[in-house]
Each structure stands twice: as C-alpha cells, then as structure tokens.
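Inspection log for the structure reproduced underneath, given as structure tokens.
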Amino acid sequence: MHVYVKTRGRGTWQTDVRRGTPTPDSPDDDRFWLFVDLTRTPTDFYVAPEWWVENDIYETYQADLVRFGGSRPHNPKSTHHGMSEERIAQWRGRWDILGLQA
C-alpha cells in the first residue's frame with residue numbers, strides 16, 4: 001500500500017496540475033492520498049483513492065482552462081493547483097478504504 005500525505009494549515013491543499021490524469025476507476029488499487037486538515041481541532045482526515053484524486057485534478061483543471069479561454073489567466077506557465085475541502089468532502093474519515101477503523 002502507498003499513501004501520499006498532504007497537509008494544510010490554512011487555505012487549500014497544494015498540489016500540481018501535472019498530478020492530474022484521466023484515470024479509470026480502480027477499486028483494487030492500493031494507492032491513496034491522505035489529506036490532513038490542521039486548521040481544525042481535532043484534526044480532520046480525508047482518505048481518497050489516488051485514481052479519484054488524479055481524475056479530480058485533471059477534470060477541474062480542464063474545466064478551468066475552458067472557462068479562461070484555454071490558458072491560466074494570471075500565469076499561464078504555472079502548474080500550481082489548490083484542492084478545496086468541498087472537492088474532497090466525501091472522503092472525510094474514510095479510513096475504511098485503507099482497511100482501518102476510525
């Protein structure tokens with residue numbers, strides 16, 4: 001099993017658009033992202049399958065490109081990508097997908 005950990009102390013979780021790829025649903029995959037929300041007490045955790053996160057990054061970025069006419073509005077060369085809590089809300093406390101109990 002592989003778990004990629006992302007933390008946030010404010011704002012959104014930071015990643016890169018190059019992490020986004022159109023990836024098919026892979027229910028047997030053993031790769032996950034663990035989003036740790038340090039803005040809350042107690043700390044919140046979101047456990048998402050890697051295939052889902054890659055798809056979400058890809059689809060969100062593609063929609064943004066369409067909305068802005070094909071390129072990023074302020075810095076077209078930037079690869080920065082922020083992940084909001086709303087986008088990953090369904091994965092809050094989902095330790096079960098790792099085979100763990102909360």
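The values are calculated or read from the model by the stated rules, or taken from the named source; none is laboratory data. The structure displayed is predicted, hence computed values, not measured ones. Here Cβ is always computed from backbone atoms with ideal geometry, including for glycine, and neighbour counts include all displayed protein chains.
Mind checking which residues of region 52-102 are within 19 Å of residue 26 (Cα to Cα), β-branched (Val, Ile, Thr) and modelled with pLDDT under 95? Within region 52-102, just 97 meets the criteria.
Selection of region 33-81 for residues being farther than 24 Å from residue 10 by Cβ, in a helix (DSSP H, G or I) and in contact with a strand residue (DSSP E or B) (Cβ under 7 Å, 6 or more places away or on another chain) yields only 50.
Once region 70-87 is narrowed to residues that are free of Cβ contacts under 8 Å to residues at least 24 places away in the same chain and among the small types (Gly, Ala, Ser), the residue that is surrounded by the fewest Cβ atoms within 10 Å (Cβ to Cβ) is 70. Total residues in region 1-16 satisfying the condition of being surrounded by 10 or more Cβ atoms within 10 Å (Cβ to Cβ) and at pLDDT below 95: the figure is 0. Each residue in region 1-32 was checked for being assigned to a strand (DSSP E or B), touching a residue at least 60 places away in the same chain (Cβ under 8 Å) and either among the small types (Gly, Ala, Ser) or under 20 Å from residue 89 (Cβ atoms) (or both), and 6 of them qualify. Filter region 17-69 down to residues that are among the aromatic types (Phe, Trp, Tyr) and closer than 16 Å to residue 81 by Cα and give me whichever is surrounded by the fewest Cβ atoms within 10 Å (Cβ to Cβ). In this case the residue turns out to be 68.
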